[in-house]
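Every number in this text was worked out from the coordinates using simple rules, so none of it is lab data. As the structure is a prediction and not an experimental result, all values here were calculated from the model. In this analysis, Cβ positions are derived from the backbone assuming ideal geometry, glycine residues included, and neighbour counts consider all displayed protein chains.
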Amino acid sequence: MERLRSSPLHANISTALDKHLESIHVVQARRKDEIVSASSRQRHGPPRCQDERVVLALAAALRALCLAARKVRTVLWCAFQMTLPK
């Protein structure tokens, strides 16, 4: 979009994209933690409290990803509108 516009876009656009990518990485890490926790639970028996913390951390990461995705959609729509010819 910057090439179409021949000028750099607003800094908030790149910030929103960076936060979205960061939240994706956090969700991936929490999901890996959940998988490790589930596999260790099968071997050793059910420690329920730790499993609940892992699932709650994953839920919080998914909520942050949802918010970041909503913001990045809005930001990209705005950037697209700025690149359209008048």
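Under 15 Å from the Cβ of residue 20, count the other residues' Cβ atoms, weight Lys and Arg +1, Asp and Glu -1, and hand me the total.
That sum, taken over residues with Cβ under 15 Å, equals +3.
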_Whole-number D in µm² s⁻¹ for the stretch 9-83, Kirkwood Cα-pair radius fed into Stokes-Einstein, 25 °C, 0.890 mPa s_ = 176
*Straight-line reach from residue 71: which aspartates and glutamates have Cα under 20 Å away, leaving out those fewer than 8 places along the same chain?*
2, 18, 22
*Return the sequence-ordered ³J(HN,Hα) values of the stretch 7-23 in whole Hz as given by the Karplus equation 6.51 cos²θ - 1.76 cosθ + 1.60 applied to θ = phi - 60°, using x for Gly and Pro.*
7, x, 7, 4, 5, 5, 5, 5, 5, 5, 5, 5, 5, 5, 5, 4, 5
*For residue 32, list the lysines whose Cα falls under 16 Å from its own Cα; do not include residues on the same chain fewer than 8 positions away.*
none
